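Since every read-out is calculated from the coordinates, none of them should be taken as a lab result. Just so it is clear, the model here is predicted, and its values are computed rather than measured. So basically every Cβ, Gly included, is an ideal-geometry build from the backbone, and we count neighbours across all protein chains shown.
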Amino acid sequence: MSIETLKNRLPEYAKDLKLNLSSLAVEASLSEQQRAGTFVASAIASRNTDVTEAIIAEFAAKLSPEALNAAKAAAAIMAMNNIYYRFVHLSSAADYKTMPAKLRMNVIGKPGVEKADFELWSIAVSAINGCGMCIDSHEKVLREAGISAEQIQAAVRIAAVVHAVAVTLESDAQAEQQAAA
């Protein structure tokens, strides 16, 4: 499966998603590794098997084994951190904000790729998962590393489109199941 396969599976009402997938697949503000890793991490965060398989088939060859592993690790660690830190952020009890997380996050310190690339993938996943505290933290590190607002926006645009494709395909699959029942 590939991006073309995903685009062909999208219904006509999702034409904008098809166009956005095409343009973001060649997004010029990101390096090939940044772009490919953002697609992979976002696909995993979308939790849709078809989307994940298609995106990995399309972009895995553009990543070293270490970078592919790091993109997967960004999705994995953010799946945990986004829940925890969103809880800390949303809880009205102030004491959680001063308590140590006591969660292992070693991959953040040694992701196996450039720190900025890993942070870019982490912010994309954090956007999908809706963790404002994580978004702020990763955005700050990215800016300090010299990543521009345009590059950060591009990563989040990829996350938004990949997630929207997953939602659309899931919605259509559910509708087909209901019609068949």
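Laid out as a table, the results:
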| read-out | value |
| --- | --- |
| Nearest-ten-degree value, helix 132-144 long axis tilted from longest Cα axis of the chain | 80 degrees |
| Mean separation of Cα contacts under 8 Å (6+ apart) over length of segment 30-181, as relative contact order % | 33 percent |
| Loop GluC sites (Glu not before Pro), segment 60-137 (other Cβ atoms within 10 Å of the site Cβ: 16 or fewer; DSSP) | Glu114 |
| Alpha-carbon Rg with Dmax, taken over the chain, Å | 16.8, 54 |
| Segment 139-181 shape via C-alpha gyration tensor axes, a/c threshold 1.5 | prolate |
| Qualifying trypsin sites (Lys or Arg not before Pro) in segment 72-116, DSSP loop, other Cβ atoms within 10 Å at most 11 | Lys102, Arg104 |
| Size of electric dipole in the chain: Cβ of Lys, Arg +1 and of Asp, Glu -1, about Cα centre, debye, nearest 20 | 480 debye |
